[in-house]
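The values are calculated or read from the model by the stated rules, or taken from the named source; none is laboratory data. All values reported here derive from a predicted model rather than from experimental measurement. Note: ideal-geometry Cβ built from the backbone for every residue, glycine included; neighbour counts use all protein chains shown. Keep in mind that these areas ignore ligands, DNA and RNA; they rest on the heavy atoms of the full protein, side chains included. Shrake-Rupley method; radii C 1.70, N 1.55, O 1.52, S 1.80 Å.
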Number of protein chains: 2
Amino acid sequence: MVAQRGRRNGSAPAPRRAPEAETAGAAEVASTASAGAHSARAIPEAAVARLAVYLRVLSAMAEQGATTVSSEELSTAAGVNSAKLRKDLSYIGSYGTRGVGYEVQVLVGQLERILGLTRQHKVAVVGIGNLGHALANYGGFPGRGFPVEALFDIDPDLIGVPVGGVPVSHLDDIPTVCAERGISIGVIATPPTAAQSVCDRLVAGGVQSILNFAPVVLQVPEHVEVRKVDLAVELQILSFHVARRAADEAGSAGTTADGTKDVVVS
Amino acid sequence: MVAQRGRRNGSAPAPRRAPEAETAGAAEVASTASAGAHSARAIPEAAVARLAVYLRVLSAMAEQGATTVSSEELSTAAGVNSAKLRKDLSYIGSYGTRGVGYEVQVLVGQLERILGLTRQHKVAVVGIGNLGHALANYGGFPGRGFPVEALFDIDPDLIGVPVGGVPVSHLDDIPTVCAERGISIGVIATPPTAAQSVCDRLVAGGVQSILNFAPVVLQVPEHVEVRKVDLAVELQILSFHVARRAADEAGSAGTTADGTKDVVVS
DNA sequence: TGGTGTGAAACTCTTCACAGCG
DNA sequence: CGCTGTGAAGAGTTTCACACCA
């Protein structure tokens, strides 16, 4: 029997509202709120990610003085095909001119609106190790709109030290500091063992969105959104593709140039 | 040369007409029966990512002395539901025992095999700024299997300086050094402007897989696999969800300022 | 008995292809 | 005429539910 790891350490009594029917019911990470009668998720999750890319490309184009773009141009620059781009844009409305294309400024404005970039989202970074340091130093983070306003670590030597202009606070102060400063996005860059506890404190501090760099599956109340960036998984996916390719080639050629034995399955 | 698989239905011989330069995204993963060996119907891209997660969870369980797991336990720990887990595992074969579960060691072994972790994948990190530094210092990267064996930057002050035990080389030497050391995975942590050029050199050095942290769409030959990690996009997706939630709440409270066309709604 | 493995249904996302408008 | 916007077809994923067997 596998020892179950401790789960959420209790504090806030999770205001659950959709009891799982399944045994153990792993939270369905469904992108949207459950079964709401209304609250439609108009825009597909996958499309949202691309909208952010379009915005970046458009901003670059605007800087170069472009005033209009066709779906063809924009899609090429964004690395997708034009049908997908038009479909994606159609989710946010009709801002193009048939026979012409899109006005860059208009589209930029609409994308910013949809992505919620018309207001600032204050960011807290937890875990000021190598990665946390790097993140904190982005100072202002990707573009404006995401100012880093709080840093946390557990190392006494770091407490009080300013990194990228913001002094480091102790993990224990996460709830109060986050609440005080109105942090809305928490970034977890701690070792995996600390991640869940840090996450709980962020939630206690009123943080609604979490970007998790720690290789753990976080348990959160359903009103909190979590995105995961997992380096190990990314590398392993790449590894998988290398292996698959090697397998394919071995199948057809059967020779290894490098002297390394190819391990790939029979 | 890997045959392009057409997966259109047999009755619509639509001729491909646009030479769309796609990213090496999730385009083709098929490549199935070609090599005719034994194994599998291709594993869905989405499942591969999860297999890596299962592997991590299983490794942790193994360390704690677990010898068997049920799909229920494992799926809970991995944050998915058990049906999905079983389906995912079924892609790699039948290694479970009905009425009992899976043997942890067996599953770990099979997952490592499928993910190509039975051999090492040497990694090069390009761009030794804050992020690159952090990556280089992971030293050995996530677990073993991904040793960092080359570092590159353009800053003369950095050349020759060892970071995490590996001396930094110049960008110009990327092709030769990568070829010499047999690098198979390149990690791009440079400013966006340098990314494409770095990418080209990595490819010239024989690198087959690239993990790109720079916010640009890379152009690569089709035999090269690219994965993107985009901080700005992640934050903007979180921002979108915060905005949507805010909109929903405002909407239900009847307070929406209807100045702008509002998204959403069923 | 209890849990795996899997066909088939349900759902989501992508691509096609063309109507319609500037 | 050229390009957007979109219904519909297609491909990919997830979920269901149950046969099957250690």
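Relative to the other copies, what are the label-point distances for B:GLY93, with labels 7 Å from Cα along the C-beta vector, expressed in nm at one decimal and sorted shortest first?
Distances between equivalent label points, in nm: 5.6.
Show me, for segment A:84-93, the HN-Hα J-couplings you get by feeding each phi into the Karplus relation (A = 6.51, B = -1.76, C = 1.60, θ = phi - 60°), rounded to Hz, glycine and proline as x.
5, 4, 5, 4, 4, 5, 5, 5, 9, x
To the nearest 100 Å², how much accessible surface do chains B and A cover up together, summed over both, with a 1.4 Å probe? Please report the intermediate quantities before stating the final value.
Values: alone 16600 and 16820 Å², together 25970 Å².
Chains B and A together bury roughly 7500 Å² of accessible area.
Please find the FRET efficiency linking B:HIS223 to B:ALA46, where r is the Cβ-Cβ separation and R0 is fixed at 25 Å, and quote it to the nearest 0.05.
Numbers: r = 22 Å, r/R0 = 0.89.
For B:HIS223 and B:ALA46, the calculated efficiency is 0.65.
Please compute the average number of Cβ atoms from other chains found within 10 Å of each residue's Cβ in peptide B:109-121.
Working: counts 0, 0, 1, 2, 4, 6, 11, 15, 6, 5, 9, 2, 6.
Rounded to a whole number, the mean comes out at 5.
Would you mind working out the magnitude of the charge dipole of segment B:45-113 relative to its Cα centre, with +1 at each Lys and Arg C-beta and -1 at each Asp and Glu C-beta, to the nearest 20 Debye? Please list the in-between numbers first.
On the way: 7 positive and 7 negative charges, 40 e Å.
Roughly 200 debye for segment B:45-113.
Under a Cβ-Cβ cut-off of 11 Å, what is the net charge of the residues other than A:GLY127 that fall near it, where Lys and Arg count +1 and Asp and Glu count -1? Walk me through the numbers before you get to the answer.
Numbers: positive: none; negative: A:ASP153, A:ASP155.
Residues near A:GLY127 contribute -2 overall.
Hey, if we sort B:PHE146, B:PHE213 by accessible area with the 1.4 Å probe, largest down, what's the order?
Numbers: B:PHE146 5, B:PHE213 35 Å².
In descending accessible area the options line up as B:PHE213, B:PHE146.
Are there any GluC sites (Glu not before Pro) in segment B:130-235 that are in a DSSP loop and have at most 10 other Cβ atoms within 10 Å? List them by number. Mind dumping the intermediate values first?
On the way: sites: B:GLU149, B:GLU180, B:GLU222, B:GLU225, B:GLU234; in loops: B:GLU222.
Passing both the DSSP loop test and the Cβ count: no residue.
Take the alpha carbon gyration tensor of segment B:77-182, find the square roots of its eigenvalues, order them as a ≥ b ≥ c, and report rounded if a/c is under 1.5; if not, report prolate when a/b exceeds b/c, else oblate. Provide the component values of the computation, followed by the final result.
Numbers: a/c = 3.72, a/b = 2.85, b/c = 1.31.
Prolate shape, in that a/c is at least 1.5 and a/b is the bigger ratio.
Expressed in whole Å with the largest first, what are the equivalent ellipsoid semi-axes of segment B:109-164 derived from the C-alpha gyration tensor as the square root of 5 times each eigenvalue? All intermediate terms of the calculation are to be shown ahead of the outcome.
Details: eigenvalues 150, 18, 13 Å².
Working through the eigenvalues yields semi-axes of 27, 9, 8 Å.
Hey, if we sort A:SER197, A:SER90 by accessible area with the 1.4 Å probe, largest down, what's the order?
Numbers: A:SER197 30, A:SER90 65 Å².
Largest to smallest exposure gives the sequence A:SER90, A:SER197.
Which of the trypsin sites (Lys or Arg not before Pro) across segment B:118-224 are loop residues per DSSP, with 13 or fewer other Cβ within 10 Å?
Numbers: sites: B:ARG119, B:LYS122, B:ARG144, B:ARG181, B:ARG201; in loops: B:ARG119, B:LYS122, B:ARG144.
The qualifying sites are B:ARG144.
At 1.4 Å probe size, what's the solvent-accessible area of A:MET61? Round to the nearest 10 Å².
For A:MET61, solvent-accessible area is about 40 Å².
What accessible area, in Å² to the nearest ten, does a 1.4 Å probe give for B:LEU117?
40
Determine the share of segment A:157-246's accessible area contributed by carbon and sulfur atoms, expressed in whole percent, with a 1.4 angstrom probe.
Of the solvent-accessible surface of segment A:157-246, carbon and sulfur hold 55 percent.
Between B:GLU180 and A:ALA66, with labels modelled 7 Å along Cα→Cβ, what's the label distance in nm to one decimal, could you check?
Output for this residue pair reads 4.1 nm.
Rounded if a/c is under 1.5, else prolate if a/b is larger than b/c, else oblate: which is segment B:45-113, with a ≥ b ≥ c the root eigenvalues of its Cα gyration tensor?
Numbers: a/c = 1.28, a/b = 1.19, b/c = 1.08.
It comes out rounded by the Cα gyration axes.
What nm value, rounded to one decimal, do you get for the distance between A:SER197 and B:THR97 when each label is placed 7 Å out toward the C-beta?
The modelled label-to-label distance comes out at 3.7 nm.
Tell me, what is the per residue accessible area of segment A:123-232 in Å², probe radius 1.4 Å? Could the numbers behind the result be given before it?
Values: 4070 Å² over 110 residues.
For segment A:123-232, the per-residue accessible area is 37 Å².
Please compute, for peptide B:223-233, the average count of beta-carbon atoms on other protein chains lying within 10 Å of each residue's beta-carbon.
Numbers: counts 1, 1, 8, 2, 6, 3, 5, 6, 9, 10, 11.
Per residue, the number of nearby Cβ atoms from other chains is 6 on average.
At q = 0.20, 0.21 Å⁻¹, what log₁₀ I(q)/I(0) does a Debye calculation on the Cα points of segment B:140-227 give, no solvent, two decimals?
-0.96, -1.05
Modelling each spin label as a point 7 Å along the Cα-to-Cβ direction, I'd like the A:SER59/A:ALA83 distance in nm, to one decimal.
Result for the modelled spin labels: 3.1 nm.
Size of the dipole of segment B:39-153 about the Cα centre, Lys and Arg at +1 and Asp and Glu at -1 on the beta carbon, nothing else charged, in debye to 20? Let's see the in-between values first.
Numbers: 11 positive and 9 negative charges, 69 e Å.
Result for segment B:39-153 is approximately 340 debye, rounded to the nearest 20.
Hey, got the average number of other protein chain Cβ atoms within 10 angstrom for residues in B:244-250?
Numbers: counts 11, 7, 3, 2, 6, 1, 0.
Mean inter-chain Cβ contacts per residue within 10 Å come to 4.
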